[in-house]
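Heads up, the thing below is written out as C-alpha cells.
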C-alpha cells in the first residue's frame, strides 16, 4: 500500500453516501442504515474507512449514540 502511494497510484476517495442521497439530517431511528457504520464489535467506524464527509460523520456519531440509548443499536457485540 505504501509502495502504491510512492508510485502515484492512490485508491479513489469514497464519496459520502449521505451527500449522494441528499440527506440533510441523519436520523437515529434508521437503525438499519446506521448499522452499516458500526464494526462487528459495535464500534463506530472512522471517516477514513466509511468515506463520510465531516459534517455527516458528526451527525452519524450522535445518531448512533442516541440509537444505542433507546436500545435500537447494541453498545457491544453479543
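Nothing in this text is a laboratory measurement; each read-out follows from the coordinates by a stated rule. Owing to the predicted nature of the structure, the values given are computational and were not obtained by experimental measurement. Here Cβ is always computed from backbone atoms with ideal geometry, including for glycine, and neighbour counts include all displayed protein chains.
Step by step: find N for segment 19-63, compute 2.2 N^0.38 Å, then divide the Cα radius of gyration by it. What's the final number?
Relative to the 2.2 N^0.38 Å estimate, segment 19-63 comes out at 1.07.
Among [x] 27, 16, 8; [y] 48, 22, 11; [z] 16, 15, 13, only one was calculated for this model; which label is it, if the read-out is semi-axes √(5λ) of the Cα gyration tensor in Å?
[x]
I need 78, 30 ordered by Cβ neighbour count within 10 Å, fewest first.
78, 30
Divide by every residue of the chain the summed helix terms, -39500 (n - 2.57) for each DSSP H run of at least 4, and state the resulting mean residue ellipticity at 222 nm, rounded to the nearest 500 deg cm²/dmol.
Counting only the DSSP helices, I get -10500 deg cm²/dmol.
Helix 54-69 sits at what angle to the longest principal axis of the chain, using alpha carbons and giving 0 to 90 degrees rounded to 10?
30 degrees
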